[in-house]
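Just below is one structure, and these are the notes that go with it.
The values are calculated or read from the model by the stated rules, or taken from the named source; none is laboratory data. For clarity, every value in this text was computed on a predicted model and none was experimentally measured. Ideal geometry is used to build each Cβ from the backbone, glycine not excepted, and the neighbour counts take in all protein chains shown. Ligands, DNA and RNA are stripped out before the accessible areas are found, and what is left, the full protein with its side chains, is counted by its heavy atoms. Shrake-Rupley method; radii C 1.70, N 1.55, O 1.52, S 1.80 Å.
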Amino acid sequence: MASPAKKLELDESSHSGPPPAHQETVSDKDAVVERYEKLFNNEQFSDIVLRVGDDRFYAHRFILVTASNVFEAMLGGGDRWKEAQQPEVCLSEDEECLPAFANFLRYLYCGEVLLTTSGVLPLLLLADKYEIAKLRETCLAYMTRHIVETADANRAVTWYLYAQMTGQTAFRDQCLSFILSNFDIVMKAVDWADLSLQELTGFLACSEMVVHSEAALWSYVEKWLLSENNKEDIESNLKEVLPLIRFTMMPPKSLLQVENSSLYRDHQQRFSGKLNHAYRRHSLVMDGGDETTSTSDSPREAYRNYYCEEYCLSHAFSLNGYADISKIESRITLDCSTRQRFVAPSRAKSEDLTLFSVYFFPRGYFTTLTIYGSYMGRQNNDVTLKVIRRRPDLLPMKVDVTLVLFGRQNGVKYAAFTHSCSMVFTKDNHTLSVEKFLDINSLMKENSPYLVDGNMEGTIFLKIQDVGNHLVKLEQGQE
């Protein structure tokens, strides 16, 4: 007769193979989570109290140490941490993290957290501090999805500063791309005044910024200078900021508004050189002087991507139903006139305009030749942009070209894609051609981020940054 142990082995072996048809796994995870959630800040079974600022939270060591390596080291026992044996522990948190601590602690109990654009960064800082990897991933994923927000909810500036300090290069670059391409949203955001001087000057030095006008930009820089965060250092801030404001890109009426401001009256000496230079530029242009080129004592300030009509730089286009349109019907053709130099609209002259033809192929490049009613020619599936100067006999021109495609996210229409390039147009080289700067598959996706309700909407900026024969020598590496 087999022993009981042997009989048990035989019984178990008889059940090897696929499980019976009636066997199933039933999950009651929600009920388990609910039980743990009831323990949050509950005195019952609590064996430790966390004191955070003026608040006290009843907690349970086993939940804390199993959730966080930091809490495990602090509370897990041993003589290294005095907190390990104390019934009440005082946690020192940054001031901005204090209101978020209850939300953070609740996450440890139930794995659920409430995220907002204003509250996610303090939670992320707590997740970093206590090494809660999953919460950190959750916060970063939320922030990536919400870089695009209306001005009242937008925190791209604050998140950019965080990513810069912590070495989050991919996230930092996403924030930077949004900031430079949507500066009008960023300037109106509640964290605009929190921008550091170093970052502000970095942005102001950039010619790829998309903004309504230099006057609009200055109005928000002025608010930054006068904000509570920065007004104590206004003299030193002006010293760094004013050289980067392109006053020659403001019409005289806007320059007069600057002169009528209290900031100008209190710091007139700081402004005088820049404003005098701007007035001189306008006076010479109105008097017919040649102010299209740069000189060592009178440098030409570069255009930004201004979309205000008075600059004659931006040229809008649209293509309805991108996914359904055929390649042969998709080519966008624009006849663009752009200004060699900025002048007040009332003083603008037609001879100061340079004509360009722009061809954009968002469904792939093609050339057409009709033979017996059939289309023939070269084609590919590369998104292509061509810019042709209509008068090759003109002086050499350095032209910056920026293509912007709009998208819609979180209810906001915004610049979702930006590509910039540059070329010196000469008599012998009057065509700029750029290919493969955007994957056509990203446009073909059902919910493409670069379309607005299925339609392509965009803008081409053509900026003549310099004019003259010296540009050919620079291109050839000559002095």
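Key figures
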item: Test: residue in segment 432-453 that is touching a residue at least 12 places away in the same chain (Cβ under 8 Å) and in contact with a Pro (Cβ under 6 Å, 6 or more places away or on another chain); result: no
item: Given (1) among the basic types (K, R); (2) more than 29 Å from E149 (Cα to Cα); (3) open to solvent by 70 Å² or more (accessible area, probe 1.4 Å), number of the condition K386 does not satisfy; result: (3)
item: Restricting segment 228-261 to residues that are small (G, A, S) and open to solvent by less than 60 Å² (accessible area, probe 1.4 Å), the residue that is farthest from L313 (Cα to Cα); result: S261
item: Hits in segment 138-156 (condition: touching a Phe, Trp or Tyr at 6+ places or on another chain (Cβ under 8 Å) and buried (at least 16 other Cβ atoms within 10 Å of the Cβ)); result: L140, M143, I147, V148, A156
item: Candidates R136, R155 - the one that is charged (D, E, K, R) and out of contact with any helix residue (DSSP H, G or I) (no Cβ under 6 Å at 6 or more places or on another chain); result: R155
item: E222 vs. criteria among the acidic types (D, E) and within 16 Å of the chain's Cα centre (by Cα); result: no
item: Residue list for segment 389-435, filter: surrounded by fewer than 18 Cβ atoms within 10 Å (Cβ to Cβ) and among the acidic types (D, E); result: D393, D428, E435
item: Qualifying residues in segment 113-137 (those that are open to solvent by 70 Å² or more (accessible area, probe 1.4 Å) and in contact (Cβ under 8 Å) with a residue 24 or more places away in the chain) - the one farthest from F57 (Cα to Cα); result: S118
item: When residues of segment 157-179 are limited to those that are in a helix (DSSP H, G or I) and among the polar types (S, T, N, Q), the one least open to solvent (accessible area, probe 1.4 Å); result: T158
